[in-house]
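Visitor: Please find one structure pasted underneath; my questions will follow.
Throughout, read-outs are computed from the coordinates displayed, never taken from laboratory work. It should be emphasised that the depicted structure is a prediction, and the values quoted were computed from it without experimental measurement. Glycine also receives a Cβ, built like all others from the backbone with ideal geometry; neighbour counts cover every protein chain displayed.
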Amino acid sequence: MLTRRHIRIKVMQSVYSFNLGQQNKLEQEVLFFKESVDQTFNLYLLLLGLLKALQAHAEDQFEIIEKNKIQNDSQSNILKTFSKNRVLIFLKEHEVLAKHLDNKKLVKWDLEFKFMEDLFNSIVKSQLFKSYLELANPSEEEDLRLIAKLFKSHVATSSFLYDYIEDHCLTWADDLPMVNTFLLKMLKQIDMNLPQSLSFPRPSENKEDTDFGIQLLEKVITKDEKLQEELLGKTPNWDAERIAKLDNIILKVAIAELLYFPMIPSKVTLNEYLEIAKDYSTPKSNNFVNGVLDKLVKEFDQENRLNKTGRGLL
C-alpha cells in the first residue's frame, strides 16, 4: 500500500518530531516510524469499517420502519435498496475483515450516529444514488460502480472524517489521500464471489521499503551535524534562521539519501523531495529546495561523492 514517497514523508515527519522533542532518543523515533507505518493499515480498516457501518445503519433504519409499521414506502425503498447492495453485503459478511476490525478495536461508527445519519442522507439525496434507485435490477457491476463512486464523492471527502482522523492519530491526515486511492482501487476490483479479492496489505509485505525508511531515518539523525555542514554556503541569500524548519529537514533528508543510498538515482531523489516540499512546506519552498539540491548534486558529482551504482543513474 505504501509508496516510497510516503515512506520518505514518514521519515521527514519522524525527523521533525525528533527535532521538536529535546529528550527523544533515536530508538523512540524508529519506533514512532514503525508505528506510523502500521497505522496506515489501521486507517484502511477504519474506512472499510465505515462502509460496513453505513450498510448496518440503513438496515437498522429499515427494520425500525418495518417493526413499527410506519407507512413510508419511499424511505423503505431507499433503505432496502442501499442495504442490499451486493458490495456492502460482501463487506458485511467478510470474515477476515470482521476479524481485523475486532482485533484492532477501532472506532465503533454506530456510536457516531449524527455523522452516520448526515453521511447517509447526503448519499441517498445525491443524483448518483437517485439514478441507481431507478434501476429495476442492478447488476453486480452497477453495484460496484455505485459504491466506488459514492466512496470517492461522499466518504473520502467528508470533513467530519478528516477532522476525526486528525484528532485520533498524528499521521492519519497525511495517510488519508493515499489510503483513499488504494481503497478505491480495491473497491473497483472486488469479486463478490471471491473473498480473497479484498486485499489486506501488511507492513511486512513492504519490508524492503520500511527498512529503507528506518535506515534513512537513522542516517539523518545520527549524521545531523555533517548534513547541516553540507548546507553551509549553499544558501547565500538565506540566513539559517530564515530557512523554514521543514525546508531544512527536507534538505537534510534529501542529502542523506544522495550520499548514503547508492542504489537510488540522484534524479529520483531530487524529484521526490521537490514534490514533498511543494506539498508540505511554504509556497516558495519548491524553488528554494530545487536551487539548493541542484547545486549540491553538481558539487557532489564533481567531487565524486555520489557513488551511484546501477543503470541509468545520474
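Visitor: Need one number: nm distance between label points at Arg5 and Asn137, each 7 Å from Cα along Cα→Cβ, rounded to one decimal.
Guide: It works out to 4.5 nm between the two label points.
Visitor: Just tell me which lysines come within less than 17 Å, Cα to Cα, of Lys67; anything on the same chain fewer than 8 places away is out.
Guide: List returned: Lys80.
Visitor: Right, next: Which loop trypsin sites (Lys or Arg not before Pro) in the range 125-195, with loop taken from DSSP, have no more than 12 other Cβ atoms within 10 angstrom of their Cβ?
Guide: Lys125
Visitor: Kindly put Thr3, Thr81 in sequence by how many other C-beta atoms sit within 10 Å of each C-beta, fewest to most.
Guide: Thr3, Thr81
Visitor: Specify the angular offset, from 0 to 90 degrees and rounded to the nearest 10, of the alpha carbon long axis of helix 245-260 from the longest principal axis of the alpha carbons in the chain.
Guide: Helix 245-260 sits roughly 70 degrees off the main axis of the chain.
Visitor: Cut-off under 19 Å on the C-alpha distance; same-chain residues fewer than 8 positions from Lys104 excluded. Which lysines are left, in chain and number order?
Guide: Lys34, Lys52, Lys92
Visitor: If we count GluC sites (Glu not before Pro) as exposed when they sit in a DSSP loop and have at most 13 other beta carbons within 10 Å, what is the longest stretch of the chain that avoids them all?
Guide: 135-302
Visitor: I would also like to ask the following. How big is the chain on each of its three principal axes, counting only the C-alpha atoms and giving the largest first in Å?
Guide: 80, 39, 35
Visitor: Next question, about the same structure. For the chain, what is the relative contact order in percent, using Cα pairs closer than 8 Å and at least 6 residues apart in sequence?
Guide: 21 percent
Visitor: Can you give me the angle between helix 113-124 and the longest principal axis of the chain, using Cα atoms only, in degrees from 0 to 90, rounded to the nearest 10?
Guide: 80 degrees
Visitor: Moving on. Do you know the Lys pair count in the range 223-302 for C-alpha distances under 12 Å, with sequence separation 8 or more or different chains?
Guide: 5
Visitor: Using alpha-carbon pairs under 8 Å, 6+ residues apart, how would you state the relative contact order of the range 223-302 in percent?
Guide: Worked out over the range 223-302, it gives 33 percent.
Visitor: What is the local net charge at Ser159, summed over the other residues whose Cβ is closer than 12 Å to its Cβ (Lys, Arg +1; Asp, Glu -1)?
Guide: Residues close to Ser159 contribute a combined charge of -3.
Visitor: Next up: Remind me, relative contact order of the range 1-157 in percent, using alpha carbon pairs under 8 angstrom and six or more residues apart?
Guide: About 21 percent, as a whole number.
Visitor: Just in the range 28-98: which trypsin sites (Lys or Arg not before Pro) are loop by DSSP and have at most 15 other Cβ atoms within 10 Å?
Guide: Answer by residue number: Lys69, Lys84.
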